[in-house]
Amino acid sequence: MRQMMKGNEAIAEAAMRAGCRFFFGYPITPQTELMEYLARRLPEVGGTFLQAESEVAAINMVYGAAGAGGRVMTSSSGPGICLKQEGISFLASAELPCLIVNVMRGGPGLGTIQPSQGDYFQATRGGGNGDYYLPVLSPSSVQEMADLAYKAFELAERYRTPVMLLTDGVMGQMMEPLDFPDSPPVPGEKSWITDGCKNRSRRLVKTLYLDPADLEAHNRHLQEKFEQLRASETMSETYAADGAELLIVAFGICARVARTAVDNLRAEGFPVGLFRPISLWPFPAASLQNAAEGVKSLLAVELNAGQMVEDVRMALPGRKVDFYGRMGGVVISATEIEAEARKVFAGGVS
Amino acid sequence: MSRNAFVRPACMTSARTHYCPGCGHGIAHRLVAETIDELEIRERTVGVAAVGCSILIYNYFDIDMQEAAHGRAPAVATGIKRVLPDRIVFTYQGDGDLASIGLAEIVHAAARGENITVVFVNNANYGMTGGQMAPTTLPGQKTTTTPRGRNVHLAGHPLRMAELLATLDGPSYLARVSLHNPVEVARAKKSIRKAFQCQLLGMGFSMVEVLSSCPNNWGMEPAKALEWVEKNMVPYYPLGVFRDAMAPASSREVTENRDESSPKREG
């Protein structure tokens with residue numbers, strides 16, 4: 001059944017329908033509707049909503065709950081996600097599945113409550129201590145907020161990893177119609193949870209490996225998993241890319257705005273297309289390389305000082321990639337993107 | 001007829017502990033293990049190990065365990081208990097972990113009346129990192145970070161955790177015990193057992209603070225260190241029961257091994 005919903009609420013409802021029964025979190029703008037929604041809804045399905053004393057406590061509750069076999073999530077925004085990094089590193093090392101939602105706001109520091117994409121580096125480079133990554137998914141519509149919440153739990157349990165949904169204040173607050181996917185993801189194999197050693201030998205959920213050889217072996221195991229994720233779990237979308245001479249690369253809210261810019265530019269006769277990474281880690285480098293074939297110019301557009309553009313440049317060594325970004329909570333308009341694109345064409349698409 | 005008076009509790013592994021000679025963790029471990037055996041809860045208990053000397057407790061307990069980040073054991077235990085309300089969940093924490101970096105987690109777990117049991121070993125210093133000042137280091141006590149003795153005007157005053165948590169409505173059982181002689185060890189055992197029983201009955205948060213010695217970092221012989229606990233720690237940290245929700249109904253038989261120990265309020 002099609003219904004109207006805010007992005008934040010769509011994530012919450014989708015997570016619940018995906019079988020999530022435990023939420024631990026702490027209030028912060030602009031993600032608060034998400035936890036308020038679950039505070040109302042989770043008890044209706046026998047789930048547990050708990051407002052933790054801090055972001056730090058919340059993520060460690062997630063750790064305990066995931067280790068006990070619960071399908072569990074938390075949500076926050078930049079300053080709160082920073083505090084959660086301790087727990088995220090532990091979750092990654094202990095290989096515990098969960099969903100972490102970051103509804104990004106402008107930074108650094110307290111910054112602003114207005115939207116931003118400034119946490120791209122933090123999200124896609126692990127964020128906490130040690131060598132690890134976590135899958136990071138970036139929705140571009142309210143429908144996708146729901147779809148990717150499902151996908152996140154599926155990835156989390158299949159790969160035994162925390163997964164982040166990286167979105168922003170605009171996406172979280174905006175209302176759109178959506179349909180919810182039908183059935184929850186099938187639970188992954190959970191032969192590792194600590195639920196009391198009845199009729200089996202005891203189990204441990206841990207991250208300490210005092211012997212360097214043991215820790216290196218554990219790291220190699222994690223790296224193999226990351227390699228597998230890179231090989232099999234990239235997601236992206238192209239729009240109007242056929243015959244494009246200029247390819248705009250943007251994710252999340254920026255991709256949405258860029259789509260309008262592409263339509264307007266195409267109507268004016270400019271051959272412009274859009275490439276949208278949906279998985280920010282693993283970054284869809286191979287798909288981008290395909291999309292960029294035959295393209296003369298590239299323009300990355302972000303709500304930050306230029307973060308994803310580094311991944312674009314790494315995927316396309318030797319290619320010139322222009323960048324346009326706004327910071328501080330300012331949202332880019334289609335008109336601005338169109339003006340940037342026209343500049344590229346005026347300079348001769350090179 | 002003779003019997004072996006000193007057998008290893010069934011829920012302990014045969015691994016040799018890494019603790020220093022005279023350390024109290026061995027005794028405290030044993031008291032927890034005996035309790036788990038006596039209450040017959042080994043197969044439905046999940047322990048939470050905390051950062052500090054006792055982080056490797058899972059090498060010695062033959063039960064499911066999770067290892068928490070520094071100070072976060074009560075939050076981790078909360079997550080476990082909310083998913084598995086019929087399991088018995090306990091944390092085993094030291095003073096730096098519980099009373100310094102993990103102060104928010106312990107206070108709020110207690111305030112929520114989270115139905116978990118906390119074994120809190122207070123040896124007045126950070127043992128694992130080599131004897132630095134802990135939140136429980138006594139005034140004047142020398143540590144590697146208070147080489148001239150803890151000056152309360154510079155380094156503040158110690159925290160009395162059992163009393164502090166006794167100001168809250170959430171806890172069902174709060175006690176402070178000591179391991180400095182066999183009589184006190186026997187009392188400690190009773191307290192730990194009672195704390196677990198509170199959880200079995202679904203009464204909410206329970207904690208036993210265990211005064212213990214750290215001869216190596218204190219620079220004392222083990223026997224001297226026990227004396228130091230009695231002469232210096234006990235006067236500052238009085239032994240006793242600070243909350244006992246079972247007390248009004250003390251005439252009632254405590255039913256052990258009840259199957260249900262659901263949280264006492266709605267989650």
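Distance between the C-alpha centers of the range A:304-324 and the range B:102-126? Whole Å please. With the range A:304-324 and the range B:102-126 each reduced to a Cα centre, they are spaced 48 Å.
Couplings 3J(HN,Hα) of the range B:74-87, computed from phi: x, 6, 4, 4, 4, x, 5, 5, 5, 7, 10, x, 8, 8 Hz, in residue order, whole Hz [Karplus 6.51 cos²θ - 1.76 cosθ + 1.60, θ = phi - 60°; x for Gly and Pro]. The HN-Hα couplings worked out from phi for the range A:30-44 by the Karplus form 6.51 cos²θ - 1.76 cosθ + 1.60 (θ = phi - 60°) are x, 10, 4, 4, 4, 6, 5, 4, 6, 4, 6, 7, 4, x, 5 Hz, whole numbers, x standing for Gly and Pro. Each Cα pair under 8 Å and six or more residues apart adds its separation to the average, and for the range A:1-122 the resulting relative contact order is 24 percent. Measuring between their Cα centroids, the range A:224-274 and the range B:38-60 lie 51 Å from each other. In the range A:237-346, the C-alpha radius of gyration followed by the widest Cα-Cα span (Dmax) gives 12.4, 35 angstrom. What shape does the range A:130-193 have by the C-alpha gyration tensor, where a ≥ b ≥ c are the square roots of the eigenvalues, rounded means a/c under 1.5, and otherwise prolate means a/b greater than b/c and oblate the rest? Oblate is the answer for the range A:130-193, as a/c is 1.5 or above yet b/c matches or exceeds a/b.
A cut-off of 5 Å between modelled amide H atoms, ignoring neighbours fewer than 5 places along the same chain, links B:Thr91 with B:Val48, B:Thr117, B:Val118, B:Val119.
Using Cα-Cα distances under 8 Å and only pairs 6 or more residues apart, what relative contact order does chain B have, in percent?
On the way: 555 pairs, mean separation 51.9, N = 267.
About 19 percent, as a whole number.
Close amide H partners of B:Ala134, meaning residues 5 or more places away or on another chain with modelled amide H under 5 Å apart, are B:Tyr126. Taking other C-beta atoms within 10 Å as the exposure proxy, B:Cys214, A:Cys82, A:Cys254, A:Cys20 rank A:Cys82, A:Cys20, B:Cys214, A:Cys254 from fewest upward. Straight-line cross-link partners of A:Lys225 among the lysines, defined as a Cα under 24 Å from its Cα and at least 8 positions apart when in the same chain: A:Lys84, A:Lys151, A:Lys190, A:Lys206.
Going from the residue with the fewest nearby Cβ atoms within 10 Å to the one with the most, A:Asp179, B:Asp62 rank A:Asp179, B:Asp62. In terms of surrounding Cβ atoms within a 10 Å radius of their Cβ, A:Ser89, B:Ser54, A:Ser75 rank from fewest to most as A:Ser89, B:Ser54, A:Ser75.
Decide, for the range B:149-224, between rounded, prolate and oblate: order the square roots of the alpha carbon gyration tensor eigenvalues as a ≥ b ≥ c, take rounded if a/c falls under 1.5, and otherwise choose prolate if a/b is larger than b/c, else oblate. Since a/c reaches 1.5 but b/c is at least a/b, the shape of the range B:149-224 is classed as oblate.
Using a/c under 1.5 as the rounded threshold, could you call chain A rounded, prolate or oblate? The axes a ≥ b ≥ c are square roots of the C-alpha gyration tensor eigenvalues, and prolate needs a/b larger than b/c, oblate otherwise. Note, shape of chain A comes out prolate. Based on Cα contacts under 8 Å between residues 6+ apart, chain A shows a relative contact order of 17 percent.
Close amide H contacts of A:Tyr324 (hydrogens built in the peptide plane, cut-off under 5 Å, sequence separation of 5 or more or a different chain): A:Ala300, A:Val301, A:Glu302.
Each value in this text was obtained by applying a stated rule to the coordinates, not by laboratory testing. Since this is a predicted model, take the numbers as computed values, not measurements. Don't worry about glycine lacking a Cβ; one is built from the backbone with ideal geometry, like all the others, and counts go over all protein chains shown.
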